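**Q** Have a look at the structure that comes next, please.
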Amino acid sequence: MINKKKIGILGGGQLARMSAFQAYKLGFDIAILEKEKNSPAGQLTHNEFVGWVNDDKLLKQFAEECDIITLENEFIDADRLKFIESLGKKVIPSSNTIRLIQDKFTQKKTLLKNNIPVPNFIEVKSINDYERISAKLGKRFIVKSRKMGYDGYGNADVKNVIEFKEAYKKLTNRHSNLYAEEFVKFSKELAVMVVRTKKEIKTYPVVETIQKNHICHTVIAPAQISKRKLKEAEEIGIECVKAVKGFGLFGIEMFIDAKGKILVNEMAPRPHNSGHYTIEGCVTSQFENHVRAVLNLPLGSTDLVKQYAVMINLLGKRNGEGTVQNYKESLGEPNLHLHIYGKAKSRIGRKMGHITIVGDNLNVILRKAKQMEKKIII
Ligand code: ADP
């Protein structure tokens, strides 16, 4: 029999918050570790630990408080996760899986070794490396930080030697190691969530993601591509999770090029922005299946409840309070699902919430979602 388990989440942002809601829904408890008090997830619980993973004593206290530990981003050094494991507490996904994912160069090498299609890539060794790199990738390529990149912050699009040197200086200021990737002329970006326990592996519907300024903006489920390509993307998603010996929930981002070839961009060992639509769009949300997988419980159905779902991120439109300014207008569409993350401050471009509409007519729900996104002021 399973008692009231306490799931520890490393990180207290919106992904932890939405996972926490689902843990409570199933009757479990949570604990949150985050650098600052009153984080989106920290404000939901008395088990709020303030500090960070480099503090051995705090991490030990946190681990002792929890039955099992998971995370909401891939930025915590795998060695810190290994430390938790050495205390006798399980981390899902494990430190070994995170080690293969958190360095994007290692991740790409791991996927390639497992025959998973990825864009061509190569290590960046010095500021004088343009010729060597362009000989393999062509004149235009993307330079990426190996670690800590998110929402495009660790990336630079390079078209010549001058831009390469600028990118090198900019990115090495903050991140020591870089690699370069072929510039993919994609026709669409796709993503698929995969959830795995010791007994089961399930995929969510493959979605189409539309980024603005490198940040995920709109998600359409299912992606408007052929059934054959949907199946192929699902299978590639499963192979990616197996390649990193992953258990728990994973988001896999992919490109599909003009010829229909699918290439994996990157994978995330956690709930993913492209899976927020599953809260109302699927029988069991990514967050609930995340909780179930962490506890190695039976997984829920990942089927869509209607034919389509559209999710749009609400990015900060001003600098100020992190609350909706116009609730009456924001809730004016009865089919809209509004999610606000409870961040203290809004900043222009910051992820503050999202909206989802599900339905059987894609054009109608897409139009409505776009209209509502314009109206909501946060
Ligand atoms: P992050 O981890 O910061 O989100 P990604 O590596 O996923 O960064 O890149 C963010 C976006 O930049 C992608 O969604 C895609 O639109 C674009 N991008 C990334 N890599 C490539 C590439 N090799 N070719 C073309 N566009 C790319």
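**Q** How do the peptides 219-226, 249-256, 351-358, 84-91 rank, highest first, by the average count of neighbouring beta carbon atoms within 10 Å per residue?
**A** Working: 219-226: 19.5, 249-256: 25.4, 351-358: 22.8, 84-91: 15.9.
Packing order, densest peptide first, comes out as 249-256, 351-358, 219-226, 84-91.
**Q** Also, I was wondering about something else. Taking only DSSP H segments of four or more residues, each worth -39500 (n - 2.57), what value at 222 nm results for the chain once the sum is divided by all its residues, to the nearest 500 deg cm²/dmol? Write down the numbers at each step before the final one.
**A** Values: 12 runs with 119 residues, N = 378.
Per the formula, -9000 deg cm²/dmol.
**Q** Before I look further, what does the chain give for accessible area per residue, probe 1.4 Å, in whole square angstrom?
**A** In whole numbers, the chain has 46 Å² accessible per residue.
**Q** Rounded, prolate or oblate: pick one for the range 228-288, where a ≥ b ≥ c are the square roots of the eigenvalues of its C-alpha gyration tensor, a/c under 1.5 means rounded, and failing that, prolate if a/b is larger than b/c, else oblate. Don't jump to the answer; show the numbers that get you there.
**A** Details: a/c = 2.03, a/b = 1.36, b/c = 1.49.
Here the range 228-288 falls in the oblate category.
**Q** Between Q224 and N319, what is the label-point separation in nm under the 7 Å Cα-to-beta-carbon projection?
**A** The two pseudo-label positions are separated by 3.8 nm.
**Q** Hey, another quick one. Considering only protein heavy atoms, with the full assembly of protein chains and a 1.4 angstrom probe, order Y327, Y179 by accessible area, largest first. Walk me through the intermediate numbers first.
**A** On the way: Y327 105, Y179 0 Å².
Descending accessible area places them as Y327, Y179.
**Q** Along the Cα→Cβ direction, 7 angstrom out, place labels at E85 and R132. What is the inter-label distance in nm?
**A** According to this spin-label approximation, the distance is 3.2 nm.
**Q** How much of the accessible area of the chain, probe 1.4 Å, is carbon plus sulfur, in whole percent? Display every interim value, and only then the final one.
**A** Details: 8560 of 17220 Å².
Solvent-exposed carbon and sulfur of the chain make up 50 percent of the total.
**Q** I need the calculated FRET efficiency for the pair E65 and D303, taking r as the beta carbon distance and R₀ as 22 Å, to the nearest 0.05. Each step should come with its number before you reach the end.
**A** Numbers: r = 36 Å, r/R0 = 1.63.
Efficiency computed from Cβ-Cβ geometry: 0.05.
**Q** Are there GluC sites (Glu not before Pro) in the range 19-80 that DSSP marks as loop and that have at most 14 other Cβ atoms within 10 Å, and which are they?
**A** Numbers: sites: E34, E36, E48, E64, E65, E72, E74; in loops: E36, E72, E74.
For GluC sites (Glu not before Pro) across the range 19-80 that sit outside H, G, I, E and B with at most 14 neighbouring Cβ atoms in 10 Å, the list reads E36.
**Q** Going highest first, how would you order 140-147, 291-298, 124-131 by mean Cβ packing within 10 Å?
**A** Details: 140-147: 21.4, 291-298: 19.9, 124-131: 15.2.
Descending mean neighbour count gives 140-147, 291-298, 124-131.
**Q** Would you mind giving the three semi-axes, in whole Å and largest first, of the ellipsoid equivalent to the range 99-159 according to its Cα gyration tensor? Display every interim value, and only then the final one.
**A** Details: eigenvalues 76, 46, 22 Å².
After diagonalising the Cα gyration tensor, the semi-axes are 20, 15, 10 Å.
**Q** Further question on the same structure: Taking H placed 1.01 Å from N in the peptide plane, check which residues at least 5 places from S187 or on another chain put their amide H under 5 Å from its amide H.
**A** Under 5 Å from the amide H of S187: I256, D257, A258.
**Q** I've got another one for you. Quick one: Karplus J couplings for the range 316-323, per residue in order, coefficients 6.51, -1.76, 1.60, θ = phi - 60°, nearest Hz, x for Gly and Pro?
**A** x, 9, 7, 9, x, 4, x, 10
**Q** Another one. Convert 10 °C to kelvin, take the viscosity as 1.306 mPa s, use the Kirkwood radius over C-alpha pairs of the range 121-231 as Rh, and evaluate the Stokes-Einstein diffusion coefficient in µm²/s, rounded to a whole number. Don't jump to the answer; show the numbers that get you there.
**A** Working: Rh = 16.0 Å.
Estimated via Stokes-Einstein, D reaches 99 µm²/s.
**Q** Based only on the alpha carbon positions, what is the Kirkwood hydrodynamic radius of the chain, in angstrom? Walk me through the intermediate numbers first.
**A** On the way: mean 1/r = 0.0467 Å⁻¹.
Evaluated on the chain, it is 21.4 Å.
**Q** Here is a further query. Between their Cα atoms, which of K199/K227; K125/K147; K212/K343; K104/K227 are more than 19 Å away from each other? Spell out each step's value before the answer.
**A** Details: K199/K227 27 Å; K125/K147 15 Å; K212/K343 21 Å; K104/K227 30 Å.
Too far apart for the 19 Å limit: K199/K227; K212/K343; K104/K227.
**Q** While we're looking at this one, here's another question. Between E166 and Y150, 0.36 nm times their residue separation minus their Cα-Cα distance comes to what? Working shown, then result.
**A** Working: separation 16, 0.36 × 16 = 5.76 nm, distance 1.97 nm.
Extra length available between E166 and Y150 comes to 3.8 nm.
**Q** Among G149, C66, Y130, which residue has its Cα positioned farthest towards the positive end of the charge dipole of the range 53-163, with +1 placed on the Cβ of Lys and Arg, -1 on the Cβ of Asp and Glu, and the dipole taken about the Cα centre?
**A** Selected residue: Y130.
**Q** In addition: How would L44, L58 rank on accessible area, largest to smallest, probe 1.4 Å? Mind dumping the intermediate values first?
**A** On the way: L44 50, L58 20 Å².
So the residues, ranked largest to smallest area, are L44, L58.
**Q** Can I ask one more? Please identify, among K328, K202, K306, the residue showing maximal mean-square fluctuation in a Gaussian network model of the chain using a 10 angstrom Cα cutoff.
**A** Comparing K328, K202, K306 in the GNM, the peak value goes to K328.
**Q** When a/c is below 1.5 the answer is rounded, else prolate if a/b is larger than b/c, else oblate, so apply that to the range 159-290 with a ≥ b ≥ c taken from the square roots of the Cα gyration tensor eigenvalues.
**A** Values: a/c = 1.95, a/b = 1.59, b/c = 1.23.
It comes out prolate by the Cα gyration axes.
**Q** Which of the aspartates and glutamates could be linked to K351 by a straight reach, that is with a Cα gap under 12 Å, when you skip same-chain ones fewer than 8 residues away?
**A** Here the aspartates and glutamates satisfying the reach criterion relative to K351 are D151.
**Q** Sticking with the crude label model, points 7 Å out along Cα→Cβ, report the distance from R367 to S187 in nm, one decimal please.
**A** It works out to 2.6 nm between the two label points.
**Q** Enter the per residue convex hull volume of the range 257-378, computed from alpha-carbon coordinates, in Å³ rounded to the nearest integer. Please list the in-between numbers first.
**A** Values: hull volume 18.5 nm³, N = 122.
Enclosed volume per residue, from the Cα hull, is 152 Å³.
**Q** How far, in nm, would the chain grow between D157 and Q211 when pulled straight, counting 0.36 nm per residue and subtracting the alpha carbon separation?
**A** Values: separation 54, 0.36 × 54 = 19.44 nm, distance 1.52 nm.
Going from the current span to full extension adds 17.9 nm.
**Q** What list of ³J(HN,Hα) couplings, whole Hz, do you get for the range 249-262 from phi and the Karplus terms 6.51, -1.76, 1.60, once you set θ to phi - 60° and write x for glycine and proline?
**A** The phi angles translate into 10, 9, x, 10, 9, 9, 10, 10, 8, 4, 8, x, 7, 9 Hz.
**Q** Follow-up. Using the Karplus equation 6.51 cos²θ - 1.76 cosθ + 1.60 (θ = phi - 60°), what ³J(HN,Hα) coupling, rounded to whole Hz, does each residue of the range 332-349 give in order, writing x for Gly and Pro?
**A** Running phi through 6.51 cos²θ - 1.76 cosθ + 1.60 with θ = phi - 60° gives x, 9, x, 8, 7, 9, 9, 10, 10, 7, x, 6, 4, 10, 9, 9, 4, x Hz.
The values are calculated or read from the model by the stated rules, or taken from the named source; none is laboratory data. Bear in mind the structure is a predicted one, so any value in this text is a computation, not a measurement. No Cβ is skipped: glycine too gets one built from the backbone with ideal geometry, and neighbour counts run over all protein chains shown. With ligands, DNA and RNA removed, areas are computed over all heavy atoms of the protein, side chains included. Shrake-Rupley method; radii C 1.70, N 1.55, O 1.52, S 1.80 Å.
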